[in-house]
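See below for the structure under consideration.
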Amino acid sequence: MNKLILCLLVLSTQPLLAQTKLNRQGHRGTRGLMPENTIQAMKKALDIGVETLELDVVISKDKQVVVSHDPYMTAEITNKPDGTPVTAAEQKDIKLYQLTYDQIKKYDVGSRKHPQFPEQTNFRAYKPLLTELIDSVEAYVKAKKLPKPNYNIEIKMSPQPDSVYNPGPAEFVGLVMPICQKKLAVGRYNIQSFDARPLQLIHKQYPTVMLAYLTANPKTVAENLTTLGFTPNIYSPYYKTVTDETVKFCHDKGMKIIPWTVNTKPEIDSMVKLGVDGIITDYPNLF
């Protein structure tokens, strides 16, 4: 009888053990439930139980590393310091790289309901510095006795002419990496980007740092890796481009595959069935 009970207990824990192998990532914290890339969104994701906080960074005029997805003040979510909304016509002219952080912090990016995320809880919020976000998260998990999370930090830059929305890759990397090295152990963060240039620099200058290559194109994994020039630790494609062959190719190359942004339970389940190593989602509560 004891052996039978033990056998049943072992079998009953198998799905749970398998689930813990999936790296659950909260996209911009938890964008579906809280204003994106805010400290409050990161705390909410931790309360839900994510292992990895996904976030984006840009650079201000005074060379501060700011947590923001867009390098400008997005019309969908932003109010100006005087309380009026940023319009679609003017949003790309309000460049964060042309504003000091003191100016950036005065914009409210939490009060407006994002049209794509009706479940968001909204409140006045600002774009934090990367240093403040990490310090706040680390203090929060310590106070609440939660597991320390990992950080998936995206360098938001593109090959369009540098100095318009961002510095060049060498300066960008030179501003981000000292913060990561000072605040976090090497195994607790990775750097990701759609732009191959910062990843190539980090690969050469910081060979122990985990890197993820983001893609959103119909090219094969092999074609994208040719552009990158090396095999990263993680391949992060748009989830609708993921197939059995994609997963197999990544695993054969020794890469983890972590698709983005998977926002429904059926889609999450389908990715898990394909054998992906993690999921980036706006709704980590769906896990």
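The values are calculated or read from the model by the stated rules, or taken from the named source; none is laboratory data. These figures come from a predicted structure and were not determined experimentally. Backbone-built Cβ (ideal geometry, glycine too); neighbour counts: all protein chains shown.
Given the criteria touching a residue at least 24 places away in the same chain (Cβ under 8 Å), over 24 Å from ILE134 (Cβ atoms), surrounded by fewer than 19 Cβ atoms within 10 Å (Cβ to Cβ) and of a type in the set (A, V, I, L, M, F, W, C), does PHE249 qualify?
Details: touching a residue at least 24 places away in the same chain (Cβ under 8 Å): yes; over 24 Å from ILE134 (Cβ atoms): yes; surrounded by fewer than 19 Cβ atoms within 10 Å (Cβ to Cβ): yes; of a type in the set (A, V, I, L, M, F, W, C): yes.
Judged against the criteria, PHE249 is a match.
Within region 101-117, residues that are closer than 12 Å to ALA75 by Cα have Cβ atoms under 8 Å from residues that are surrounded by fewer than 20 Cβ atoms within 10 Å (Cβ to Cβ) and acidic (Asp, Glu) in these pairs: ARG112/GLU76; HIS114/GLU76; PRO115/GLU76, counting only partners at least 6 apart in sequence or on another chain.
The residue of region 254-287 that is surrounded by the most Cβ atoms within 10 Å (Cβ to Cβ), among those that are polar (S, T, N, Q) and farther than 22 Å from PRO149 by Cα, is SER270. Taking (1) surrounded by fewer than 21 Cβ atoms within 10 Å (Cβ to Cβ); (2) free of Cβ contacts under 8 Å to residues at least 24 places away in the same chain; (3) not in a loop (DSSP other than H, G, I, E, B) in turn, TYR235 satisfies each apart from (1). One residue is enough: does region 173-194 have a residue meeting the conditions on the phi < 0 side of the Ramachandran plot, among the charged types (D, E, K, R) and touching a residue at least 60 places away in the same chain (Cβ under 8 Å)? No: zero hits. Going through (1) of a type in the set (S, T, N, Q); (2) on the phi < 0 side of the Ramachandran plot; (3) at pLDDT 95 or above one by one, ASN37 falls short only on (2). In region 27-46, the residues that are more than 18 Å from PRO115 (Cβ to Cβ) form Cβ pairs under 7 Å with partners that are at pLDDT 95 or above and among the acidic types (Asp, Glu), at six or more places apart or across chains, as follows: GLY29/GLU36.
Give the number of residues within region 127-151 that are in a helix (DSSP H, G or I) and either surrounded by 14 or more Cβ atoms within 10 Å (Cβ to Cβ) or acidic (Asp, Glu) (or both).
Looking only at that region, the number is 11.
With over 19 Å from GLY29 (Cβ atoms), in contact with a helix residue (DSSP H, G or I) (Cβ under 8 Å, 6 or more places away or on another chain), part of a loop (DSSP other than H, G, I, E, B) and modelled with pLDDT of 95 or more as the only criterion, which of LYS106, LYS61 stands out?
Values: LYS106 fails: in contact with a helix residue (DSSP H, G or I) (Cβ under 8 Å, 6 or more places away or on another chain).
After ruling out the rest, the residue left standing is LYS61.
I need the full set of residues from region 96-113 which are of a type in the set (Ser, Thr, Tyr), farther than 15 Å from ARG124 by Cβ and surrounded by 15 or more Cβ atoms within 10 Å (Cβ to Cβ), in order please. Break it down stepwise before answering.
Taking region 96-113 and keeping what is of a type in the set (Ser, Thr, Tyr), we get 97, 100-101, 107, 111.
Checking which are farther than 15 Å from ARG124 by Cβ leaves us with 97, 100-101.
Matches in region 96-113: TYR97, TYR101.
Of everything in region 79-99, what is touching a residue at least 24 places away in the same chain (Cβ under 8 Å) and closer than 27 Å to PRO169 by Cα? Give them in sequence order. Give the derivation first.
The first filter runs over region 79-99 and keeps only residues touching a residue at least 24 places away in the same chain (Cβ under 8 Å), leaving 79-81, 83, 85, 95-99.
Listed by number, the residues that qualify are LYS95, LEU96, TYR97, GLN98, LEU99.
Of all residues in region 115-126, exactly one satisfies the criterion of being buried (at least 20 other Cβ atoms within 10 Å of the Cβ) and among the aromatic types (Phe, Trp, Tyr), namely PHE117.
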